[in-house]
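*Asks:* Sharing a structure here in structure tokens format.
The values are calculated or read from the model by the stated rules, or taken from the named source; none is laboratory data. Given the structure is predicted, the values throughout are model-derived calculations rather than measurements. Quick reminder, even Gly has a Cβ in these numbers, built from the backbone with ideal geometry, and neighbours come from all protein chains shown.
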Amino acid sequence: MILHVSRTDLAIATAFCAFACRALEATPVTVTEDGVGSNDTVHIDSSTLGNNLHVYAGIIDLTIADGALTSNVDSFCIDPWHWSVSGPRSYDLEPLASAPKPPGPMSAAAAIHIEQLWAQYMTSAYVLSGNSKTADEWAAALQLEIWQTVAGSIGGATYSLVSVDNNFAGEAAAVVGDLGTMNSFLSHVTSSTPRANLMAVSSGVSRDGLDNPGQDYVIDSVPDGGSAAAFMGLALLGMLALRRRLLVTPGRSL
């Protein structure tokens, strides 16, 4: 039997798809960089910014405002090719694999690896440890591993680590050792390895094709003020309506 689908059914299905796609679009937000959390300082080379740059590597504290909803979140930079900027700035929340802005985006595989790293190391045993030295070394290592993962998936732009500072005795060696641990972890991940649900925060590209100021970040998923939930709710209603019509409408052969 060949199922007959009426124009009304197609309209419902089209509406469902439209609502579902709308819910997955980038969400405009306002982002303020509040400072740094657990970190170490390092020297890196960047193909767009220069060589032997002395920068923070670790958690970046952000305030993200979406309408009336404001969230304070931990983030990491996914963009070693742009400087951070101060003050509230217009950004978009978007899928991790859609960022960073040029020379990005990263590959889908790189995005998955970052989600696996986050699930493994953004815990109280590592980056979120109550011991400040432990937290600093693992936060720095996670930032460096994220930069390495992103850069390794993007052609035409480079990033490399030059050196790690000793802000406390033995910190540089500890960070390098942690990087080795993370590299080993990634070499053994599988499709069943736990992943965090992450999003990118990107300042994107202007209408004239130029990069907007500011670096891009990765964050744990945050509420979006309810717009996505509303769209997905409408999408679900549309899907249920279509399903009901298909169940009660007899099929016809051509």
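*Asks:* Going residue by residue through region 95-117, is there one that turns out to be farther than 14 Å from Ser203 by Cα and of a type in the set (Val, Ile, Thr)? Write out each step before concluding.
*Replies:* Start the filter on region 95-117 by keeping residues that are farther than 14 Å from Ser203 by Cα, which leaves 97, 106-117.
From what's left, of a type in the set (Val, Ile, Thr): 112, 114.
Yes; the residues of region 95-117 include at least one that is farther than 14 Å from Ser203 by Cα and of a type in the set (Val, Ile, Thr).
*Asks:* Checking the structure you have, find out if any residue of region 208-220 is buried (at least 16 other Cβ atoms within 10 Å of the Cβ) and aliphatic (A, V, I, L, M).
*Replies:* Within region 208-220, one or more residues are buried (at least 16 other Cβ atoms within 10 Å of the Cβ) and aliphatic (A, V, I, L, M).
*Asks:* Also: Filter region 1-31 for residues that are surrounded by 16 or more Cβ atoms within 10 Å (Cβ to Cβ), closer than 30 Å to Leu69 by Cβ and modelled with pLDDT of 50 or more and give the result.
*Replies:* Across region 1-31, the qualifying residues are Ala26, Thr27, Val29, Val31.
*Asks:* Scan region 199-222 residue by residue and report those that are modelled with pLDDT of 90 or more and closer than 20 Å to Gly35 by Cβ.
*Replies:* Scanning region 199-222 gives Val201, Ser203, Pro213, Gly214, Gln215, Asp216, Tyr217, Val218, Ile219, Asp220.
*Asks:* While we're on this one: Have a look at Val176, Val162, Val150 and point out the one that is crowded, with 23+ Cβ neighbours inside 10 Å and aliphatic (A, V, I, L, M). So that I can check it myself, show each step before the final result.
*Replies:* Details: Val176 fails: crowded, with 23+ Cβ neighbours inside 10 Å; Val162 fails: crowded, with 23+ Cβ neighbours inside 10 Å.
So the residue among Val176, Val162, Val150 that is crowded, with 23+ Cβ neighbours inside 10 Å and aliphatic (A, V, I, L, M) is Val150.
*Asks:* Still on this structure: Out of Leu49, Leu69, Leu117, report the one residue that is out of contact with any Ser or Thr (no Cβ under 8 Å at 6 or more places or on another chain) and under 20 Å from Leu161 (Cα atoms).
*Replies:* Working: Leu69 fails: under 20 Å from Leu161 (Cα atoms); Leu117 fails: out of contact with any Ser or Thr (no Cβ under 8 Å at 6 or more places or on another chain).
From the options Leu49, Leu69, Leu117, the qualifying one is Leu49.
*Asks:* Further question: Select, from Ile44, Ile78, Ile64, the only residue that is of a type in the set (Val, Ile, Thr), surrounded by 15 or more Cβ atoms within 10 Å (Cβ to Cβ), over 19 Å from the mean Cα position of the chain (by Cα) and at pLDDT 95 or above. Quick ask: steps written out before the conclusion?
*Replies:* Numbers: Ile78 fails: over 19 Å from the mean Cα position of the chain (by Cα); Ile64 fails: over 19 Å from the mean Cα position of the chain (by Cα).
Among Ile44, Ile78, Ile64, only Ile44 is of a type in the set (Val, Ile, Thr), surrounded by 15 or more Cβ atoms within 10 Å (Cβ to Cβ), over 19 Å from the mean Cα position of the chain (by Cα) and at pLDDT 95 or above.
*Asks:* Return the pair list, or none, for Cβ contacts closer than 7 Å from residues in region 93-107 that are of a type outside the set (A, V, I, L, M, F, W, C) to residues that are at pLDDT below 95 and in a strand (DSSP E or B), at least 6 apart or on different chains.
*Replies:* Here the result reads Lys101/Val205; Lys101/Asp211; Pro102/Val205; Pro102/Asp211, each pair linking region 93-107 to a residue that is at pLDDT below 95 and in a strand (DSSP E or B).
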